[in-house]
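Undergrad: Structure provided below as structure tokens; questions to follow.
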Amino acid sequence: MIEFLSTLIGPFHAKMLAVLLSATQWTVYLSLTAFIGGGLIGLIFTLLRITPINWIRKFAVAYIWTFQSVPLLMLLFLTGLGIPIFYQVNVPPWMAATVSLTLFTSAYMSEVWRGALQSIDVGQWEAGRALGLGFVKNLRYVISPQALKIATPPTVGFMVQVIKGTSLAYIIDFNDLMRWGKKIGNSQIDGAEPFIVFPLVALIYFLLCFPLTLLSRRLEQSLNIDSNKLMLTINKGG
Amino acid sequence: MIDLRFYEIWREQIFVEKLINGIGTSILLMILGGIIGFIFGLALATARGSKIRFLRIPSATFIESVRNTPLIVQLFFVCFGLPMIFEYRWPFFASALLALCLNFSAYYAEIIRAGFDNVEYGQSEAARALGLGKNDILAYIVLPQALAKVYPSLVSQFVFLFLTTGIISEVGVEDLTWAGRYIADRNFRDFEVFIVLTIAYALLSVMFRGVLTATGQLVFPWYREK
Amino acid sequence: METCINLNDLNKWFGSFQVLDSINLSISTAEKVVICGPSGSGKSTLIRCVNALEPFQSGSVNVCGISVEKNGRNATDIQRRVGMVFQQFNLFPHLSVLKNCTLAPCRVLGLSDDEAGAKAMHYLERVRIPEQASKYPADLSGGQQQRVAIARALTMEPELMLFDEPTSALDPEVVTEVLDTMVDLAETGMTMICVTHEMGFAKQVADRVVFMDEGKIIEIATPEKFFSEPTHERTQFFLSRVLG
């Protein structure tokens, strides 16, 4: 592979590309972990958010509001620099990055999912209740299937936000695509100037993100969902 | 065990000055970036929905490129890459502002375009029936209604973007995040500093949302949510 | 009498579906014509073709001495001479009632704000709603909104007025106020084509009633004849349904 690239773009650029692609795997791992972890926590908070019990709901609202209002960069600084220094503990960059991105993802995911649940017509809840379904069964059999359909495209779309978000983790020395891109871009080596390296890095991010953007759009069309309506619902809540 | 020393942050006058400066810079960047980005975004959205391929394809490419790559990469490209290509030397503030404007414009364009698509067909039809021309219909009928419809989304996007702008401290723009890092590098109270910064960002985003929502009610007094 | 509208062998398709099938209709100046028929019969499409809001595939449409081009290239020439009132009012929600009425005169006819404002107030008085001039459409009742829509169309001083089911979206109790406004308008000698199911209005105002079904004109008659002795079976069936 590298030999082939070498003949194509020269040995130096082939090596550079190989380094960047190898760093990309960490970007992918971090994205996937944050997406899955954030999704699970987000799901829990979505459910807490709609429980009939008042104080639990308020707690969930506070959680979502907090982590939506905190810049991801600050989360990274706090977990990667603040906590280690304050508690005199060693927090490896990957752990700080994972925790930060997971919290960030969970807040936004539960907001999207709450929007999806809320966009279901009140009549559906009432119809379910009229059939004698309790809250849980109503949610399980009547509301969720409809909400799931609405929530899928923006969920896939949010994956793009997560991937882009991981690019900030280099700031606490997480060895991802961005970190290596910056290293090479700053190296002052001929052939690795910023106007070559950063577009290349951008291209790699684009190749990770754009398919997801397309998939999200395709789902939106095939499921016939008005994402604008959902957007507006979400924004009203936020 | 918990020994929080927030006073270490305002221990020295220079720290306080840097913080206040940083807040001012962050707000200024957002105002300029918000306005210029909005104007770019409007142009992009119009070009994106145009029938002319020469306008549509480049604008769509730009929008997708920006939306599918991280801000930080765009920032480094605009601040370090572009100056080498064009052999200009702007102050980093200007380069960073340019990067922010380009970034904002792509997100705004996508929202505004959704607004265009959502104005009821009957509106432009009624305008046509009155004999209004294409440009008048766009400017007087479709645009104001589209903007009113997507205004809440624009505000949310603005606040979301605000929370991502701290990264411009990386290129030496002395914004709020930069001020925090400056202080933390000197008093070694990273934890307290970033807690204060976090609260400052949250408060500023609440402030932005409040001011923008109030502005919206002034600009679109006729708008009723359906 | 002078001819205002002349439709000659007009055909229109939506894809493979023919909405208008060899329409021939001539309407004189100051004439009032009511078009009725079951939904999907092409009556709305017909008057939208008159206003060049819809392109058509063959035949000719001649309005106010201008031949409408099939692709709608000279549409604005027609539209500034023809007023139209829609089922859903289609008032501009972001403009006050007054601005709704002055926008087109200012932008299309080039009137000054004052001239357009004076003219708008004149027509708002005519539809008996001048006190609402500074309100937004959303603050008005449906009947008031539709009357503003009529005033808005009149401020362009059109040579003829088209009404596309103007009372169908209204609450029953306000239908009369809109119909009364239309009757007033008819008495001024305006040329009018109304797509409506209000048979009382047709009896009172129309010079001729046109019955359409499946894209074709089935019957054209004076109201007396149309209601008392409709010749066509489909007309009889339709009337029995509408009149109950």
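The values are calculated or read from the model by the stated rules, or taken from the named source; none is laboratory data. On a predicted model such as this, the values are computed, not experimentally measured, just so you know. Every residue, glycine as well, gets a Cβ built from its backbone with ideal geometry; the counts of neighbours run over all protein chains shown.
Undergrad: Can you name the residue in the stretch C:134-144 that is touching a Leu at 6+ places or on another chain (Cβ under 7 Å) and within 12 Å of chain B (Cβ to nearest Cβ) and is also farthest from C:A30 (Cα to Cα) among such residues? Step through it out loud before you land on a result.
TA: Applying the first criterion (touching a Leu at 6+ places or on another chain (Cβ under 7 Å)) to the stretch C:134-144 yields C:134, C:137, C:142-143.
Keeping just the survivors that are within 12 Å of chain B (Cβ to nearest Cβ) gives C:134, C:137.
Values: C:S134: 33, C:P137: 30 Å.
Among them, the one singled out is C:S134.
Undergrad: Any idea how many residues of the stretch C:37-57 are β-branched (V, I, T) and assigned to a loop (DSSP other than H, G, I, E, B)? Can you show your working first?
TA: Kept after step one, since they are β-branched (V, I, T), are these residues of the stretch C:37-57: C:45, C:47, C:50.
From what's left, assigned to a loop (DSSP other than H, G, I, E, B): none.
Residues in the stretch C:37-57 being β-branched (V, I, T) and assigned to a loop (DSSP other than H, G, I, E, B): 0 in total.
Undergrad: Only one of (1) acidic (D, E); (2) within 27 Å of B:V78 (Cβ to Cβ); (3) part of a helix (DSSP H, G or I); (4) touching a residue at least 60 places away in the same chain (Cβ under 8 Å) fails for B:E192. Which number is that?
TA: (2)
Undergrad: Within the stretch C:155-167, does at least one residue satisfy the condition of being touching a residue at least 24 places away in the same chain (Cβ under 8 Å), in a helix (DSSP H, G or I) and either more than 13 Å from every other protein chain (Cβ to nearest Cβ) or within 22 Å of the chain's Cα centre (by Cα) (or both)?
TA: No, every residue in the stretch C:155-167 fails to be touching a residue at least 24 places away in the same chain (Cβ under 8 Å), in a helix (DSSP H, G or I) and either more than 13 Å from every other protein chain (Cβ to nearest Cβ) or within 22 Å of the chain's Cα centre (by Cα) (or both).
Undergrad: Go through (1) part of a loop (DSSP other than H, G, I, E, B); (2) buried (at least 20 other Cβ atoms within 10 Å of the Cβ) and name the single condition C:N100 misses.
TA: Status for C:N100: all satisfied but (1).
Undergrad: Restricting attention to the stretch B:47-66, which residues are surrounded by fewer than 19 Cβ atoms within 10 Å (Cβ to Cβ) and either of a type in the set (K, R) or over 21 Å from A:T213 (Cα atoms) (or both)?
TA: B:S50, B:K51, B:I52, B:R53, B:F54, B:L55, B:R56
Undergrad: Looking only at the stretch B:161-186, which residues are closer than 11 Å to B:L29 by Cβ, in a helix (DSSP H, G or I) and among the aliphatic types (A, V, I, L, M)?
TA: B:L161, B:I168, B:L176
Undergrad: Of the residues A:A23, A:A107, A:A96, A:A18, only one is part of a helix (DSSP H, G or I), more than 22 Å from the chain's Cα centre (by Cα) and aliphatic (A, V, I, L, M); which? Spell out the reasoning first.
TA: On the way: A:A23 fails: more than 22 Å from the chain's Cα centre (by Cα); A:A107 fails: more than 22 Å from the chain's Cα centre (by Cα); A:A96 fails: more than 22 Å from the chain's Cα centre (by Cα).
Matching residue, one of A:A23, A:A107, A:A96, A:A18: A:A18.
Undergrad: Of the conditions (1) under 20 Å from C:L95 (Cβ atoms); (2) surrounded by 17 or more Cβ atoms within 10 Å (Cβ to Cβ), C:E157 clears all except one; give me its number.
TA: (2)
Undergrad: Mind listing just one residue for me: the one in the stretch A:31-85 that is outside any helix (DSSP H, G or I), β-branched (V, I, T) and away from chain B (no Cβ under 14 Å) and, of those, surrounded by the fewest Cβ atoms within 10 Å (Cβ to Cβ)?
TA: Initially, the stretch A:31-85 is screened for residues outside any helix (DSSP H, G or I), giving A:51-53, A:70-71.
Next, only the ones that are β-branched (V, I, T) stay: A:51, A:53, A:70.
Subset that is away from chain B (no Cβ under 14 Å): A:51, A:53.
On the way: A:T51: 12, A:I53: 9.
Checked the stretch A:31-85; the qualifying residue surrounded by the fewest Cβ atoms within 10 Å (Cβ to Cβ) is A:I53.
Undergrad: Now a separate question. Tell me whether the stretch B:66-81 contains one or more residues that are out of contact with any helix residue (DSSP H, G or I) (no Cβ under 9 Å at 6 or more places or on another chain) and modelled with pLDDT of 95 or more. Break it down stepwise before answering.
TA: First pass over the stretch B:66-81, keeping only residues out of contact with any helix residue (DSSP H, G or I) (no Cβ under 9 Å at 6 or more places or on another chain): none.
No - not one qualifying residue is present in the stretch B:66-81.
Undergrad: Now for a different question. How many of the residues making up the stretch C:210-238 are surrounded by 20 or more Cβ atoms within 10 Å (Cβ to Cβ), among the hydrophobic types (A, V, I, L, M, F, W, C) and farther than 16 Å from C:E198 by Cα?
TA: Residues that pass the stated criteria total 1.
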